[in-house]
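Worksheet for the structure shown next.
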Amino acid sequence: MNRITLTISLIAGVYLSASSQENPLTVFSNLVGSAWVSEGEQLGGHQGKTVKEFSWGLDGKIIKVKTFATDPETLEFGLRNEGVRFLNNESNQLEFYEFDKLGGVSKGIVKIQGENIYYEYQYGGLLLRDSWVFISKDEYLYRVCSLKDSECDQVYHKGVFNRKE
């Protein structure tokens with residue numbers, strides 16, 4: 001009887017391990033279901049806050065993200081962007097699209113290193129990287145920088161995102 005239980009447990013463990021390896025979006029699991037808040041100096045130098053909400057979509061095939069932020073001109077807080085993260089089966093790369101309320105679209109690739117998430121994209125003639133560096137299950141260091149030779153060159157913003165239930 002114990003051999004049957006052990007065999008079933010091993011098979012289930014291998015299946016779960018293979019399933020998570022097949023879906024690289026599982027790196028977002030810690031972010032999903034919570035609001036992530038960064039308060040203080042925002043990208044652009046103004047005081048305010050940014051809130052990001054992550055959720056699963058299409059039966060775990062995409063990650064949906066809503067971003068609420070303090071407007072740098074009016075200082076009003078509201079919905080700023082909506083986006084998706086997904087595995088492009090043709091290129092076998094994680095990609096993202098981010099749509100802003102002014103009609104702009106950012107798109108690029110998502111790179112994963114352990115529990116860290118990096119977005120790389122072209123913006124205003126620069127190659128940029130947004131970094132979500134894992135500190136704990138409730139905190140990420142966030143940084144926006146330009147890239148030169150695949151390394152951060154100029155840092156435009158640093159902050160911390162904390163989980164808010």
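Here is how the numbers come out for the structure above:
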{"item": "Test: residue in segment 139-146 that is farther than 22 Å from G45 by Cβ and basic (K, R)", "result": "no"}
{"item": "Failed item, numbered, when R85 is tested on (1) among the charged types (D, E, K, R); (2) assigned to a strand (DSSP E or B); (3) within 26 Å of G45 (Cα to Cα)", "result": "(3)"}
{"item": "Test result for T74, crowded, with 19+ Cβ neighbours inside 10 Å and either over 20 Å from Y140 (Cα atoms) or in contact (Cβ under 8 Å) with a residue 12 or more places away in the chain (or both)", "result": "no"}
{"item": "Residues of segment 77-109 satisfying the condition of being of a type in the set (S, T, N, Q), within 21 Å of S55 (Cβ to Cβ) and in contact (Cβ under 8 Å) with a residue 12 or more places away in the chain", "result": "N81, S106"}
{"item": "Matching option when the condition is over 24 Å from F134 (Cβ atoms) and either surrounded by 14 or more Cβ atoms within 10 Å (Cβ to Cβ) or out of contact with any Gly (no Cβ under 9 Å at 6 or more places or on another chain) (or both), among G114, G104", "result": "G104"}
{"item": "Some residue of segment 37-51 being on the phi < 0 side of the Ramachandran plot, in contact (Cβ under 8 Å) with a residue 60 or more places away in the chain and not in a strand (DSSP E or B)", "result": "yes"}
{"item": "Search result, residues across segment 88-101 that are assigned to a loop (DSSP other than H, G, I, E, B) and of a type in the set (S, T, Y)", "result": "S91"}
{"item": "Residues (under 15 Å from F28 (Cβ atoms) and in contact (Cβ under 8 Å) with a residue 12 or more places away in the chain) located in segment 110-125", "result": "V110, K111, I112, G114, E115, N116, I117, Y118, Y119"}
{"item": "Test set (1) modelled with pLDDT under 95; (2) hydroxyl-bearing (S, T, Y); (3) closer than 20 Å to V133 by Cα - S29 fails condition number", "result": "(1)"}
{"item": "Matching entry among E98, E151, E120, E165 (being surrounded by 15 or more Cβ atoms within 10 Å (Cβ to Cβ) and more than 18 Å from G44 (Cβ to Cβ))", "result": "E120"}
{"item": "Filter result (of a type outside the set (A, V, I, L, M) and within 17 Å of L79 (Cβ to Cβ)) within segment 28-56", "result": "W36, S38, Q42, G48, K49, T50, K52, E53, F54, S55"}
{"item": "Test: residue in segment 57-79 that is assigned to a strand (DSSP E or B), small (G, A, S), within 19 Å of V27 (Cα to Cα) and under 12 Å from the mean Cα position of the chain (by Cα)", "result": "no"}
{"item": "Filter pass, K61 being surrounded by fewer than 14 Cβ atoms within 10 Å (Cβ to Cβ) and of a type in the set (D, E, K, R)", "result": "yes"}
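The values are calculated or read from the model by the stated rules, or taken from the named source; none is laboratory data. All figures in this text were calculated on a predicted structure; none of them were measured in a lab. Counting neighbours? That spans all protein chains shown, and the Cβs are built from the backbone with ideal geometry, glycine included.
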